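Data block below; observations after.
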Amino acid sequence: MSNNSNNTVGVDNTFRRKFDREEYLERARERERQEEENRSKPKAKGPPVQRKPLKHRDYEVDLESRLGKTQVVTPVAPLSQQAGYYCSVCECVVKDSANYLDHINGKKHQRALGMSMRVERASLKQVQERFEVLKKRKDLGSFTEQDLDERILKQQQEEEERKRIRREKKKEKKEKAVEEPEMDPDVAAMMGFGGFRSSKK
């Protein structure tokens with residue numbers, strides 16, 4: 001047994017890796033030289049991209065046109081025909097309406113439209129003009145107490161009309177129940193009772 005332990009065959013684990021210091025020093029100097037050159041060169045940046053400020057959407061977002069409809073989903077279908085909401089600007093499909101709204105209001109979509117996420121600062125004159133427009137709109141659609149009284153009166157009349165119609169329908173039902181033809185007395189006598197009506201009146 002002791003002879004076998006001295007002549008073991010296996011992996012030579014006495015090897016120790018030796019590094020060539022000169023080679024690695026040369027590599028480090030070369031890397032430092034390249035970094036110095038990169039720092040000294042001015043970066044070639046293009047002119048900054050000017051994007052328009054955010055503005056109101058001029059179209060209505062359609063979230064309900066495909067609501068409640070069933071659709072066969074295939075993996076081969078183009079993006080615009082897959083299940084969910086398709087954004088033609090970014091060419092992506094979003095699975096639900098909340099995420100779709102987040103997407104169209106988000107930075108990526110707005111950049112694709114050429115807008116930044118900054119809002120244009122309004123001047124004093126623009127704010128005053130906006131207030132004037134809103135005042136005119138309010139004046140046109142304002143209600144007086146007389147209008148309110150008329151609306152309440154009209155609503156009460158409609159309610160009374162509904163109640164009257166309901167009462168008439170109940171009366172007609174009762175009259176139909178009373179007008180039903182009674183059973184033939186011979187048949188009733190043969191069956192052993194006077195009629196099908198209850199004794200209560």
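The values are calculated or read from the model by the stated rules, or taken from the named source; none is laboratory data. In this text, all values refer to a predicted model and were calculated from it rather than measured experimentally. Using ideal geometry, Cβ is built from the backbone for each residue, glycine included, and neighbour counts are taken over all protein chains shown. Areas reflect the complete protein model, heavy atoms only, side chains present, ligands, DNA and RNA absent. Shrake-Rupley method; radii C 1.70, N 1.55, O 1.52, S 1.80 Å.
Can you put His56, His109, His103 in order of accessible area, largest first, using a 1.4 Å probe? Walk me through the intermediate numbers first.
On the way: His56 170, His109 10, His103 30 Å².
The most accessible residue leads, giving His56, His103, His109.
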Lys and Arg at +1, Asp and Glu at -1: neighbours of Val119 with Cβ under 12 Å from its Cβ sum to +3
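Could you list, in their original order, any pairs among Lys136/Lys163; Lys55/Lys138; Lys55/Lys136; Lys108/Lys138; Lys69/Lys108; Lys69/Lys136 whose Cα atoms are separated by more than 31 Å?
On the way: Lys136/Lys163 41 Å; Lys55/Lys138 24 Å; Lys55/Lys136 23 Å; Lys108/Lys138 38 Å; Lys69/Lys108 29 Å; Lys69/Lys136 43 Å.
Lys136/Lys163; Lys108/Lys138; Lys69/Lys136, as the Cα separations exceed 31 Å there.
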Row for region 10-128, column shape: gyration tensor on C-alpha, a ≥ b ≥ c, rounded if a/c < 1.5 i.e. under 1.5, prolate if a/b over b/c, else oblate; value oblate
Candidate cut points under GluC sites (Glu not before Pro) in region 62-162, DSSP loop plus at most 14 other Cβ atoms within 10 Å of their own Cβ, are Glu64, Glu91, Glu120
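What are the trypsin sites (Lys or Arg not before Pro) within region 18-122 that DSSP puts in a loop, where the Cβ has at most 16 other Cβ atoms within 10 Å? Could the numbers behind the result be given before it?
On the way: sites: Lys18, Arg21, Arg27, Arg29, Arg31, Arg33, Arg39, Lys43, Lys45, Arg51, Lys55, Arg57, Arg66, Lys69, Lys95, Lys107, Lys108, Arg111, Arg118, Arg121; in loops: Lys18, Lys43, Lys45, Arg51, Lys55, Arg57, Arg66, Lys69, Lys95, Arg121.
Taking region 18-122 and a limit of 16 other Cβ atoms within 10 Å, the loop trypsin sites (Lys or Arg not before Pro) found are Lys18, Lys43, Lys45, Arg51, Lys55, Arg57, Arg66, Lys69, Lys95, Arg121.
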